[in-house]
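Scroll down for the structure; my scribbles are underneath it.
Read the figures in this text as sums done on the coordinates, not as results from a lab. The shown structure was predicted, so the numbers you read here are calculated from the model rather than taken from an experiment. Cβ atoms come from the backbone with ideal geometry, glycine included; neighbour counts cover every protein chain shown.
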Ligand SMILES: [Fe+2]
């Protein structure tokens, strides 16, 4: 389906997956909107039994949007909060980091000033920390104290790490329902990290894509003020706030942090005639992302970067969405790019680097070929650049050998997949494995004959696809040891009801080191002795 099809026209009546539009399937069932509230409570809340949704501190006063942390290094981590400034034009907050949640003694502390020019957000790079250590942090403004956050530094660069466990997620359309998946993550203490692969917000107007919850602002977001208000709406969700509070996040944006099916100079959901210059919208979106997300940035327009977790893993974060992306389906596929030249050089260099065993490519769009869905928004639409990455995997290892143990982490498409990525050319051995995370709330296909037929076709014609779930929302947990990479997919039972927060695991797929193959497995139990969640 051409990217030129307006997605607005089909959003309500078709299955819409990332960049893939399948016209003709039935709309997903929806429940009546609690229009106008803009927060997570609903009129029927009074009738329901208490749930985990009610737990956790509800910030008031200056720290209404909670706290967050991210981009852990062995000796540093980004700490974030936002001060609701009211009539004040600026505020200086004190930040404190402790080894325990009582803050009986401080490891480090300091002051940071914010003002309206950065929407009251505070971002601190707390340094001088110990590697592989859990810390608690908070912010203080006058008599007001923020909720306590919990974070964890990365292992030392040369450390032999026995095990690492992270959650991988994407695509949280607030209008489609409640973030039970985030709540489930926030309640488990066993993760080192949450990796969010984009669409952490959506740009649409209320009712335009999903109608369970109403947004603020109610209109489609275009200006800097709009984007800031939309982030603020999201961060008043108790489940999102809670998972930011309990874990460091590592994030990349996808299209909806700007506009649907974005590329370098435009977007499917951007009309310059009525919405102004795309460059201005992109700059506004990127400024708000930089203000509100806990990533360590030097330039709001550049999110590609790399984080290392000892000798066990390196997480290479890509921007396949904006920086270097040429327009979907336009021009010669041989010259279309998903990555800028600088970024491509960086990615190939990190793939060839030795020092960490598992190379995790945190990426927006599906990397493995999938002609069955004909989606020019993903790597299938940019085959020449994918070939160059595959070539680096084929010969970029020591002495010209294959690069081993590459795991592509993908979001965008609101469905779950486990795949052996085929190599190109002779040999036939898979080049990598790829795990695609479903949406937190963003819908895949309604359960039914269309998704069943597509699933059968894919499984028959693409034997390297080992697992696909086109229906359920959720996330996966990636558990790494030197011996294997194991992904356990989780699904949320119902995102439309605020009180049905059931989350359960579905399938586990494991790749043994040195194979780039997948096999079905039983999930390894969570590690014991995880540091206590923040109170
Ligand atoms: Fe999405």
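In nm, to one decimal, how far is the modelled label at residue 334 from the one at residue 483, with both set 7 Å along Cα→Cβ?
Placing both labels 7 Å along Cα→Cβ, they lie 4.8 nm apart.
Would you mind putting 252-258, 507-513, 110-116, 527-533 in packing order, based on average other-beta-carbon counts within 10 Å, highest first?
Per-residue mean Cβ counts within 10 Å order the peptides as 252-258, 507-513, 110-116, 527-533.
How much mean residue ellipticity at 222 nm does the chain get from its helices, if each DSSP H run of length 4 or more adds -39500 (n - 2.57) and you divide by all residues, to the nearest 500 deg cm²/dmol?
It comes out at -5000 deg cm²/dmol, rounded to the nearest 500.
Based on other C-beta atoms within 10 Å, arrange 359, 466 from fewest to most. Please report the intermediate quantities before stating the final value.
On the way: 359 23, 466 18.
Ascending Cβ contact count within 10 Å gives the list 466, 359.
Can you give the FRET efficiency for residue 517 and residue 342, using 1/(1 + (r/R0)^6), R0 = 30 Å, r = Cβ-Cβ distance, to the nearest 0.05?
Plugging the Cβ-Cβ distance into 1/(1 + (r/R0)^6) gives 0.35.
Go ahead and run the numbers for FRET between residue 158 and residue 505, Cβ-Cβ distance against an R0 of 22 Å, rounding to 0.05.
0.05
Using DSSP, restrict attention to beta bridges with both residues in segment 289-373 and report what percent are antiparallel, rounded to the nearest 5.
If I count the DSSP bridges inside segment 289-373, around 50 percent turn out antiparallel.
Could you work out how far the C-alpha centroid of segment 465-513 sits from that of segment 129-185, in angstrom?
Value for the Cα centre distance between the two parts: 19 Å.
Rank by packing, highest mean first: peptides 491-498, 302-309, 472-479, with packing defined as the count of other Cβ atoms within 10 Å averaged across residues.
Per-residue mean Cβ counts within 10 Å order the peptides as 472-479, 302-309, 491-498.
Can you work out D for the chain in µm² s⁻¹ from Stokes-Einstein, where Rh is the Kirkwood radius over C-alpha pairs, the temperature is 25 °C and the viscosity is 0.890 mPa s?
Details: Rh = 23.2 Å.
Translational diffusion coefficient: 106 µm²/s.
If I stretch the segment between residue 395 and residue 90 completely, what's the gain in nm (0.36 nm per residue apart, minus their alpha carbon distance), one decimal? Could the numbers behind the result be given before it?
Working: separation 305, 0.36 × 305 = 109.80 nm, distance 5.40 nm.
Extra length from residue 395 to residue 90 when fully extended: 104.4 nm.
When the Cα centres of segment 201-242 and segment 60-97 are compared, how far apart do they sit, in Å?
21 Å
Using 0.36 nm per residue, how much length does the chain from residue 143 to residue 530 gain when fully extended, once their Cα-Cα distance is taken away?
That pair, residue 143 and residue 530, stretches by 136.1 nm at full extension.
Any chance you could list the semi-axes, whole Å, largest first, of the equivalent ellipsoid that the Cα gyration tensor gives for segment 64-152, using √(5λ)?
That gives 23, 13, 10 Å for the three semi-axes.
Between residue 75 and residue 116, what FRET efficiency comes out of the Förster formula 1/(1 + (r/R0)^6) with R0 = 30 Å and r the beta carbon distance, rounded to 0.05?
That pair, residue 116 with residue 75, gives E of 0.40.
With the contact rule set at Cα under 8 Å and sequence spacing of 6 or more, what percent relative contact order holds for the chain?
Relative contact order comes out at 17 percent.
Residue 298 versus residue 450, label points 7 Å from Cα toward the beta carbon: distance in nm?
Each label point is offset 7 Å from its Cα along the Cβ direction, giving 4.6 nm.
For segment 70-227, count the residues as N, evaluate 2.2 N^0.38 Å, and divide the Cα radius of gyration by that value, please.
1.20
Quick one: Cα centre-to-centre distance for segment 419-440 and segment 330-407, in angstrom?
11 Å
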